[in-house]
1. Which residues, taken from segment 13-31, are of a type in the set (S, T, N, Q) and either closer than 17 Å to residue 71 by Cβ or in a helix (DSSP H, G or I) (or both)?
2. Are any residues in segment 275-297 assigned to a loop (DSSP other than H, G, I, E, B), over 18 Å from residue 230 (Cα atoms) and in contact with a helix residue (DSSP H, G or I) (Cβ under 9 Å, 6 or more places away or on another chain), and if so, which ones?
3. Is it true that some residue in segment 32-51 is modelled with pLDDT under 95, more than 27 Å from residue 313 (Cα to Cα) and assigned to a loop (DSSP other than H, G, I, E, B)?
4. Mind checking whether some residue in segment 157-168 is touching a helix residue (DSSP H, G or I) at 6+ places or on another chain (Cβ under 7 Å) and either surrounded by fewer than 16 Cβ atoms within 10 Å (Cβ to Cβ) or on the phi > 0 side of the Ramachandran plot (or both)?
5. From the list 57, 28, 91, 73, which one is closer than 15 Å to residue 109 by Cβ and modelled with pLDDT of 95 or more?
6. Would you mention how many residues in segment 121-148 are surrounded by 15 or more Cβ atoms within 10 Å (Cβ to Cβ), free of Cβ contacts under 8 Å to residues at least 24 places away in the same chain and either part of a helix (DSSP H, G or I) or in contact with a Ser or Thr (Cβ under 7 Å, 6 or more places away or on another chain) (or both)?
7. If residue 290 passes every condition in (1) surrounded by fewer than 21 Cβ atoms within 10 Å (Cβ to Cβ); (2) modelled with pLDDT of 95 or more but one, which one does it miss?
Amino acid sequence: MASSEDVVAASNGANSTSTIQSLREGLASETTPLPIRFRALFSLKHLAKTATDDVTAQEAIDAIAAGFASPSALLKHELAYCLGQTEKLGAVAPLRKVLADLQEDCMVRHESAEALGALGHADNLQFLKEYRDRPGEDIAVKETCEIAIDRIEWENSEARKKETLKLSDFASIDPAPPMPQSGKSVEELGKELMDTSLALFRRYRAMFALRDLASPPDLPTAVPAVEALAKGFADGSALFRHEIAFVFGQLSHPASISALTSALSNLNEASMVRHEAAEALGSLGEEEGVEDVLKRFLHDKERVVRESVIVALDIAEYEKGDQAEYALIPEIQGASASVEEVATGS
């Protein structure tokens, strides 16, 4: 069974190819503890995103994609998320393959559609429309394709060039950009967030605008923005609710603990929401009582929730420790995946 020390030792002093191979082996091995596989994944994402040559980037992308052979939907959905964050064209093929696989878990397929949206390539529009419009398609996949289509069209529009966006504290490529700067209040954005007559893409834009008004946590708008976002857990869309939990994982604001705990504790809630709530709570692991809440669900009936709790407890330990980053390669710490990105999701 591989340990974090094994993977780090294999990586130290090696060139990029051998480092990627070591990380690939750790990621793909079903005997490697899940938290270590996640750390290997975030290291590979960093290598793919920052590679200065196409060969290294593709090697890292291929290493990530190799993990799709795993039976863990949680891991596979995180693979898809990370591929979307690489900003590399080479990530398109494995993401298309996953979305097209109707036998794959819908949570993984939804994440693949979202990742294609994050990459922003107009060539993916028709492909996404096929699954948005496919009869009998899972609702979360359909909704994700809808948002991804809107995001790609926005990314390639003239209107985008005229928008002035608030500089975000978060480096993630989100399913939708925040609303352009307009001076809208938390109350106004909260109304748009919950207005089901609006397109999901626009409601997501309000969501990410509220997120940015909650960071840093001492902003006067922070707690009201968190409270406005928490109302999103009452929405009828599981996809929407899971994105609220993802945003709370990015924010790591103590004011979200109560809402996240309620979402995780609701056994009638969709597993894609509960798993996201668990990982978001992991980012708040330093707060009193959070670890105790998570431990209550270590034996949950839903595998994806159980595994998310394992990862969340690892994140909580990271939060209490002195590690620079939630990754494996010492040389890249300071530039690799930050803990807010661990809140998978999207």
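The values are calculated or read from the model by the stated rules, or taken from the named source; none is laboratory data. Note that this is a predicted model, so its numbers are computed, not measured. No Cβ is skipped: glycine too gets one built from the backbone with ideal geometry, and neighbour counts run over all protein chains shown.
1. Start the filter on segment 13-31 by keeping residues that are of a type in the set (S, T, N, Q), which leaves 15-19, 21-22, 29, 31.
Across segment 13-31, the qualifying residues are 16, 17, 18, 19, 21, 22, 29, 31.
2. Initial filter on segment 275-297 (assigned to a loop (DSSP other than H, G, I, E, B)): 283-289, 296-297.
Then keep just the ones that are over 18 Å from residue 230 (Cα atoms); that gives 285-289, 296-297.
Within segment 275-297, 285, 286, 287, 289, 296, 297 meet the criteria.
3. Looking through segment 32-51, at least one residue is modelled with pLDDT under 95, more than 27 Å from residue 313 (Cα to Cα) and assigned to a loop (DSSP other than H, G, I, E, B).
4. Kept after step one, since they are touching a helix residue (DSSP H, G or I) at 6+ places or on another chain (Cβ under 7 Å), are these residues of segment 157-168: 160, 166, 168.
If we keep only those that are either surrounded by fewer than 16 Cβ atoms within 10 Å (Cβ to Cβ) or on the phi > 0 side of the Ramachandran plot (or both) as well, we get 160, 166.
The answer is yes; a qualifying residue exists.
5. Numbers: 57 fails: closer than 15 Å to residue 109 by Cβ; 28 fails: closer than 15 Å to residue 109 by Cβ; 91 fails: closer than 15 Å to residue 109 by Cβ.
The unique qualifying residue is 73.
6. Of the residues in segment 121-148, 2 are surrounded by 15 or more Cβ atoms within 10 Å (Cβ to Cβ), free of Cβ contacts under 8 Å to residues at least 24 places away in the same chain and either part of a helix (DSSP H, G or I) or in contact with a Ser or Thr (Cβ under 7 Å, 6 or more places away or on another chain) (or both).
7. Failed condition: (1).
For every residue, the table says whether it meets (1) part of a helix (DSSP H, G or I); (2) surrounded by fewer than 18 Cβ atoms within 10 Å (Cβ to Cβ).
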residue	(1), (2)
206	yes, no
209	yes, no
217	no, yes
223	yes, yes
226	yes, no
229	yes, no
242	yes, no
246	yes, no
